[in-house]
Amino acid sequence: MIRLTAIKRVFKMGDQDVFALNGVDLSINSGEYVSIMGPSGSGKTTLLNVLGLLDRPDSGRYELDGSDVTDLSETEQARVRRDKIGFVFQSFHLVPRLTAEENIGLPLILSGVPHSERQSRVNEALRGFDLVDRAQHRPAELSGGQRQRVAIARATILRPTALLADEPTGNLDHKIGAEVMNLLESLHHAGTTLILVTHDRELGARAHRHIAMRDGEIVADEK
Amino acid sequence: MNLRDTLEISLKTVVSYRTRSILIVLAMALGVAAVVVLTALGDGARGYVVGKFSSIGTNLIIVLPGRAETAGGFPGALLAQTPRDLTLEDAHFLGQLPQVKRYAPLNVGVIELAAAGRLREVTVLGSTADLLPVRHMKLGQGSFLAHGSEYSAQIVLGSKIAQEFFPQGNVIGQRVRLGDRRFLVSGILAVQGESMGFNSDELVIIPIGHAQSLFNTSSLFRILIEARSRSDIVSAKESILDLMKRRHDGEEDVTVITQDAVLATFDRILRALTLGVAGIAAISLAVAGILVMNVMLVAVSQRTSEIGLLKAIGAPSSDVRRLFFAESLWLSLAGAVLGFVLGQFGSLMIRLVYPQLPAWPPVWASIAGVTIAILTGILASLLPASRAAKMNPVKALAGR
Ligand SMILES: Nc1ncnc2c1ncn2[C@@H]1O[C@H](COP(=O)(O)OP(=O)(O)O)[C@@H](O)[C@H]1O
Ligand SMILES: [Mg+2]
């Protein structure tokens, strides 16, 4: 359960103030599938960053699963991020030196899952995302679709409550993008809250709730 | 992230940036190796000098007539007034001092030696039986001067003299003539070569009484005294000066040189030298540290988006800091170990090429080199690691 109240995020550009988020109120229930659309620069990424506790709003409150997380310390926010949030990025953000399975296993290391348990959980993820024969490959040896599958496997290996995807198909061709969308939607079907930022009207339409942004404000919110 | 994972991941990173890592490790290793090799050289030089000194005798005290102009210096320049001579009697009295283990009076001169139809001027030492142990000489064949006789007709030849006069060998028992006196060869010195200005291979040794007659003198060139122990040297020196003053009517007109004092001076100088070169080598380590810091700073900025990713998936700043910290720890550890090995190898090569130089790296230098390398690595990583830890995750993800 996510509740944002009067969130503002201001960036200084020279001597101008840019309101990336200008008073956003937003509630999202667990298990919802929400798309966020809007022109470039309308504040979509900033909103996801605030939702994922990567960025702090300049004002407003953020309540996550019943507790106020606005003023948590950096370390506490990192813990919440690790346990409850999964990020999927347009540009995958895999660690180039690590193999697919090592990339997938990173969150397990961060959360201190014992060594013995890690491999079986990574193997499960490799099977689930059809990456078994790519386990030992480095990102440079993977196709775009495979890379995004590795990224999604990494984002979900700790079973977060919310998956935040920022243009996850933006770097993929149509067919591969559709496959990745199916994957994300299957995760939503399994109970994960899915929040999808996209430019693509067709993809956005597949969500169950559609939010439109402009100039840092939510201008439409339809089921 | 636990320690083991931190070390594992950082090691993987170090290994995967191969060229960069090799360069850093080499820079570190050269610094450590320089510390090890240079101190080995310095300490080897010290050992060489100390060895040379003790080869002329241990706990050696040298008494010579005349007073040195400057205290503690070598008695090269003497005061204008003619000093009183040292005599055999003086030597006997000095020999009775409680701190004295043994002593050898010494006279030196050059006389013609005739034997086996050959003729040549040689340096003649007149002394007693105890010259052999006091002066750490070694006998090659036969026997040295007999104890208790200052007038036995014995002569001991330096190895080169023996070879020159009796090339066919069978030297012991041969007759030789020095001036107007005849001697029987009783022994040959072992080959020793040049040591502290004396080439013992090219001299002959006869009993002191004969020497004084041959040189037509009743005085001594010097008296060599061996103190009972190292700790007796200082009091022995005092007693010697005291006794000589009494015997010379209250006039302090002898010079006493203790080999210990000379040795200590050399020891101090060469130790300081070793420390100095170690310090210079340590500076090269600090330079390597600056290199590590630079490379780590570049690494942090190159891996900005990776740092952002780590934070996005929930790594706290402390984990990020430790990862970079561990990376430079690996690098400096590898550098230290490689440098230690290189240094030991370098010292070994020096010892092989110059066997007379005991170039063993001192333990303290190896420990210091390795410790400084690791400390440098740690220090050099502090700034880059904290820069990485403090990165704003949103900006970092964007690669800014
Ligand atoms: N770090 C930043 N510094 C300055 N301005 C920023 C920063 N991040 C975002 N902005 C500005 O905030 C506005 C919203 O950006 P963003 O959330 O990235 O929009 P979107 O994802 O919808 O394209 C834009 O005008 C952008 O230029
Ligand atoms: Mg965006």
Percent carbon-and-sulfur accessible area, the protein assembly as shown, ignoring ligands, DNA and RNA, probe 1.4 Å: 57
If the convex hull is drawn through the Cα atoms of the protein assembly as shown, its volume per residue in Å³: 253
With the dipole of the stretch A:120-223 worked out from charges on the C-beta (+1 for Lys and Arg, -1 for Asp and Glu) around the Cα centre, which of A:218, A:183, A:195 lies farthest toward the positive end? A:183
How far apart, in nm, are two points set 7 Å out from the Cα along the Cα-to-Cβ line at residue B:378 and at residue A:18? 4.4
Please report the base-10 log of the normalised intensity I(q)/I(0) for the stretch B:113-176, using a Debye sum with one equal scatterer per alpha carbon and no solvent, at each q in 0.18, 0.19, 0.23, 0.25 (1/Å). -0.72, -0.80, -1.13, -1.28
Loop trypsin sites (Lys or Arg not before Pro), the stretch B:105-155 (other Cβ atoms within 10 Å of the site Cβ: 16 or fewer; DSSP): B:138
Highest GNM mean-square fluctuation, chain B, Cα pairs closer than 10 Å: which of B:116, B:278, B:45? B:116
Ignoring ligands, DNA and RNA and using a 1.4 Å probe, state the total buried accessible area between B and A in Å², rounded to the nearest 100. 2100
What percent do you get for the relative contact order of the stretch B:182-291 when only Cα pairs under 8 Å and 6+ apart count? 10
Taking the simple approach of a point 7 Å from Cα along Cα-to-Cβ for both residue B:229 and residue B:363, what is their distance in nm? 2.4
Once you mark the GluC sites (Glu not before Pro) that are in a DSSP loop and have at most 14 other Cβ atoms within 10 Å, what is the longest gap between them in chain B? B:70-250
Would you mind working out the accessible area per residue for the stretch B:106-226, using a 1.4 Å probe, and quoting it in Å²? 44
For the stretch B:106-226, percent of DSSP beta bridges that are antiparallel (nearest 5) comes out at 70
With an 8 Å Cα cut-off and a minimum separation of 6 or more residues, compute the relative contact order for chain B in percent. 30
Which residue fluctuates most in the GNM of chain B (Cα springs below 10 Å): B:17, B:48, B:151? B:17
Mean 1/r over all different Cα pairs, inverted: what Kirkwood radius does the stretch B:347-400 give, in Å? 14.9
Among B:61, B:143, B:309, the residue whose Cα sits farthest towards the positive end of the charge dipole of the protein assembly as shown, when +1 is placed on the Cβ of each Lys and Arg and -1 on the Cβ of each Asp and Glu, is B:143
Just tell me which aspartates and glutamates come within less than 14 Å, Cα to Cα, of residue A:223; anything on the same chain fewer than 8 places away is out. A:32
Just checking the output field for B:303-312: average partner chain Cβ neighbours within 10 Å of each residue's Cβ? 5
Once phi is turned into ³J(HN,Hα) by the Karplus curve 6.51 cos²θ - 1.76 cosθ + 1.60 with θ = phi - 60°, what whole-Hz value does each residue of the stretch B:357-368 show in order, with x for glycine and proline? 9, x, 7, 8, x, x, 4, 4, 5, 4, 4, 5
Hey, in the GNM for chain B with a 10 angstrom Cα cutoff, which one of B:258, B:128, B:217 fluctuates hardest? B:217
Of the options B:188, B:326, A:72, report the single residue whose Cα projects farthest towards the positive end of the charge dipole of the protein assembly as shown (beta-carbon charges: Lys, Arg +1; Asp, Glu -1). B:188
Normalised contact order of the stretch B:106-226, rounded percent, pairs of Cα under 8 Å and 6 or more residues apart: 36
Expressed in µm² per second, the diffusion coefficient of chain B from the Stokes-Einstein equation, with Rh the Kirkwood radius over alpha carbon pairs, at 10 °C and 1.306 mPa s, is 61
Using only Cα atoms, what is the ratio of the radius of gyration of the stretch B:205-275 to 2.2 N^0.38 Å? 1.51
Quick one: Cα convex hull volume of chain A, Å³ per residue? 131
Using a 10 Å cut-off on Cβ to Cβ distances, tally the other chain neighbours for every residue of B:381-393 and report the average as a whole number. 1
If you roll a 1.4 Å probe over the heavy atoms of the protein chains, what accessible area per residue do you get for the stretch A:62-116, in Å²? 38
Computed P(r) (all Cα pairs; the stretch B:106-226; 5 Å bins; percent): 2, 12, 25, 27, 21, 10, 2, 0
Sequence order, the stretch B:129-137: Karplus ³J(HN,Hα) from phi using 6.51 cos²θ - 1.76 cosθ + 1.60, θ = phi - 60°, Hz rounded, Gly and Pro as x, gives 4, 6, 4, 4, x, 4, 9, 6, 8
Here, residue B:48 and residue A:220, labelled 7 Å along Cα→Cβ, have an inter-label distance in nm of 9.1
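The values are calculated or read from the model by the stated rules, or taken from the named source; none is laboratory data. Quick caveat: nothing in here was measured; it's all calculated off a predicted structure. Cβ atoms come from the backbone with ideal geometry, glycine included; neighbour counts cover every protein chain shown. For the accessible areas, the whole protein counts, side chains as well, though only heavy atoms, and no ligand, DNA or RNA atoms are used. Shrake-Rupley method; radii C 1.70, N 1.55, O 1.52, S 1.80 Å.
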